[in-house]
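First up is the structure itself, then whatever we jot down about it.
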Amino acid sequence: MAVPLQYWSYKLLSNLFFAIGFPPFFLYSWFTGKHKDSLHNRLGSYGGISKPLRGKPSIWMHAASAGEVRAAQALLPELQKILPDAAYLLSTMTQYGQQVAKKHLGSALDLFYAPLDANWIVKRSLASLKPTCYICLETELWPNLLTEAYRAGIPLFLLNGRLSARSLQRYKKIPKLMTPLLNSFTAISVISETDKERFAALGADTEKIIVSGNAKYDLKIETSGDQASSYRYRLGIRENQQAFIFGSTHSGEEKLFVDAICRLREHIADAIFIIAPRHLNRLAEIENLFSSHGLKYDIFSRISPGNRCHNIVLLDTMGELSALYSVGTFIYCGGSLVPKGGHNIMEAAIWGKPVYYGPHMKDFADAAEILESRNAAIRIKQPDDFVRSVLTLLGSPREYAGICRRSKEVAMAQQGSSRLQAELIRDGLRQRKSNN
């Protein structure tokens, strides 16, 4: 990889920034205790990380924060299937990302904080970890790390790559830095054709780019009609009966939708409403809410075929929701009308149903963007928007069928993504080995 003037400028500035900024940060951390646990990792020291056996590959994945950790969570099992002897390492940039990784992946690999992107720290990290390859999840590109790894002969992979229009314009201002960095990758896997076009616009070699969907939404759900039939039979839902599902709701959301449910019942007398709170310890709170509004309901676990008495059902079991979405006519995904960051809307979209959510989708903003770009989901500001949209779609079967079709198409396009990306790593390592 040629070393342009823009990279030398970055290298100088990053080292200067470290020299000026790190000493006061160190003192702050030392006296307050904040970030103290990450300092040794940030400086390229990894005493607690197990070393791979001689001759076995060591795969370093980097996930900036929680969103990228979810991609790693989908990718890791696929990598372990095809590279079972490898040691796996995962770095994160943020403390929150580290917490999520510990919760979901802590027993499966070694976790650490990513090194600061100062040249001497990066060299120290690479010398200590000795990775067989480096995987950048999504698009957090650290020039010193990528440059030094490339010089050391370490294959680089960019997986689950995405590039917004705003980032594209920003990166276009430094083409002599970005183009060599992108072309240092052995392979680049991107989420969509639009992402491929944007990477190509920055000078990335299109022969290295594949479109594989988003690993974060590679769902392990069996989308068969049998599940829907089973739930319909148990809940007594007729084939053409309208069913509304409010999934993963948080405190305050059920109260917001009470009036909406009452209004919808006026228009659709036999509609079924299924409420699935995110946390089961809130069941009593929701039952009190329903009782205060004179709404009668059944508890899901107590329902058997033929004994449902009311048209409101309160889900009181775990692990049921993603499959229960199969019977919904309209689906609202919670944690989004209240500021909780939203939930995985692809779990609902994969069943080919209209998916609604509020403005607070920070944790799943990319899923919302993917669906909205195809007019395959509906963002609402308040429950009244939900009611209006539902009544409009009920009056337009063709429009309803269109959004259902697009919703499923978008979600299905993400399936198999983690396997494709794992195979990309395997093939890249094989090719590198055969060339040496």
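Any read-out appearing in this document is the output of simple, stated calculations on the displayed coordinates, not a laboratory observation. Given the structure is predicted, the values throughout are model-derived calculations rather than measurements. All Cβ positions, glycine included, derive from the backbone under ideal geometry; neighbour counts span all protein chains shown.
Using a/c under 1.5 as the rounded threshold, could you call segment 225-413 rounded, prolate or oblate? The axes a ≥ b ≥ c are square roots of the C-alpha gyration tensor eigenvalues, and prolate needs a/b larger than b/c, oblate otherwise. Please list the in-between numbers first.
Values: a/c = 1.42, a/b = 1.23, b/c = 1.16.
It is rounded, given that a/c, with a ≥ b ≥ c, falls under 1.5.
Considering the zone a paramagnetic label at residue 278 would reach in this model (a point 7 Å from Cα along the Cα-to-Cβ line), which residues of segment 234-270 have amide N under 16 Å from it?
So the set is 246-257.
So what J values fall out for segment 292-309 if you push phi through Karplus, 6.51 cos²θ - 1.76 cosθ + 1.60 with θ = phi - 60°, rounded to Hz, Gly and Pro as x?
Per residue, the Karplus-derived 3J(HN,Hα) values read 5, 9, x, 9, 8, 8, 10, 8, 3, 5, 9, 8, 10, x, x, 10, 5, 9 Hz.
Under a plain spin-label model, where a point goes 7 Å from the Cα along Cα-to-Cβ, how far apart in nm are residue 388 and residue 432?
Taking the two extended label points, one gets 5.4 nm.
Suppose only helical runs count, i.e. DSSP H with n ≥ 4. What mean residue ellipticity at 222 nm does that imply for the chain under -39500 (n - 2.57) per run, divided by all residues and rounded to the nearest 500 deg cm²/dmol?
Numbers: 18 runs with 206 residues, N = 436.
-14500 deg cm²/dmol, from helical runs alone.
Let a ≥ b ≥ c be the square roots of the eigenvalues of the Cα gyration tensor of segment 148-263; is it rounded (a/c under 1.5), or, if not, prolate (a/b larger than b/c) or oblate? Spell out each step's value before the answer.
Numbers: a/c = 3.58, a/b = 2.37, b/c = 1.51.
Prolate, since a/c reaches 1.5 and a/b exceeds b/c.
If I model a spin label as a point 7 Å beyond the Cα along the Cα-Cβ vector, how far apart are those points for residue 287 and residue 107 in nm?
Modelled inter-label distance: 3.3 nm.
In whole angstrom, note down how far apart the Cα centers of segment 419-436 and segment 244-319 are.
About 50 Å separates the Cα centre of segment 419-436 from the one of segment 244-319.
If each residue's Cβ is checked for other Cβ atoms within 10 Å, how do 332, 171 rank with the fewest at the top?
Exposure proxy ranking, most exposed first: 171, 332.
Measure out, as a whole number of angstrom, how far apart the alpha-carbon centroids of segment 189-242 and segment 333-412 sit.
The distance from the Cα centre of segment 189-242 to that of segment 333-412 comes to 14 Å.
Take the cross-link list 130/433; 220/408; 362/408; 353/408; 216/362; 11/176 and give me the ones stretching past 18 Å between alpha-carbons. Spell out each step's value before the answer.
Numbers: 130/433 16 Å; 220/408 15 Å; 362/408 22 Å; 353/408 7 Å; 216/362 15 Å; 11/176 14 Å.
Too far apart for the 18 Å limit: 362/408.
Would you calculate the separation in nanometres between label points at residue 205 and residue 39, each defined as 7 Å from the Cα along the Cα-to-beta-carbon direction?
4.3
According to the square roots a ≥ b ≥ c of the eigenvalues of the Cα gyration tensor, what is the shape class of segment 312-436, taking rounded for a/c under 1.5, prolate for a/b larger than b/c otherwise, and oblate for the remainder?
Working: a/c = 2.31, a/b = 2.03, b/c = 1.14.
Prolate, because a/c is 1.5 or more and a/b exceeds b/c.
I want the antiparallel fraction of DSSP beta bridges within segment 225-413, as a percent rounded to 5.
Numbers: 0 of 19 bridges.
Among the beta bridges of segment 225-413, antiparallel pairing accounts for roughly 0 percent.
Stretch residue 8-residue 230 to full length: gain in nm at 0.36 nm per residue minus the Cα-Cα span?
Numbers: separation 222, 0.36 × 222 = 79.92 nm, distance 6.31 nm.
Taking 0.36 nm per residue and subtracting the Cα distance, the gain is 73.6 nm.
In a Gaussian network model over the chain where Cα atoms closer than 10 Å are linked, find which of 261, 20, 370 has the largest mean-square fluctuation.
Looking only at 261, 20, 370, the biggest GNM fluctuation is shown by 20.
Taking Rg and Dmax of the Cα atoms in Å as the quantity of interest, determine which of [x] 24.7, 75; [y] 20.4, 58; [z] 23.7, 75 was computed from the displayed structure.
Comparing each candidate, only [x] matches the computed number.
Through the Karplus equation 6.51 cos²θ - 1.76 cosθ + 1.60, θ set to phi - 60°, convert the phi angles of segment 64-74 into ³J(HN,Hα) values in whole Hz; use x for Gly and Pro.
After applying 6.51 cos²θ - 1.76 cosθ + 1.60, I find 4, 8, 4, x, 6, 4, 4, 5, 4, 4, 6 Hz.
Using a Gaussian network model of the chain with C-alpha springs under 10 Å, which one of 408, 255, 123 is most mobile by mean-square fluctuation?
255
Test of understanding: given the chain, find the longest segment containing no GluC sites (Glu not before Pro) that are in a DSSP loop and have at most 11 other Cβ atoms within 10 Å. Mind dumping the intermediate values first?
Working: sites that count: 222, 239.
With a cap of 11 other Cβ atoms within 10 Å, the longest stretch comes to 1-221.
Taking 0.36 nm per intervening residue step and subtracting the Cα-Cα distance, what contour gain separates residue 398 from residue 20 on full extension? Write out the running numbers ahead of the final one.
Working: separation 378, 0.36 × 378 = 136.08 nm, distance 6.24 nm.
Answer, rounded to one decimal: 129.8 nm.
For a protection proxy built on the mean count of beta-carbon atoms within 10 angstrom, sort 36-42, 213-219 highest first, please. Walk me through the numbers on the way to the answer.
Numbers: 36-42: 16.4, 213-219: 24.9.
My ranking of the peptides, most packed first, is 213-219, 36-42.
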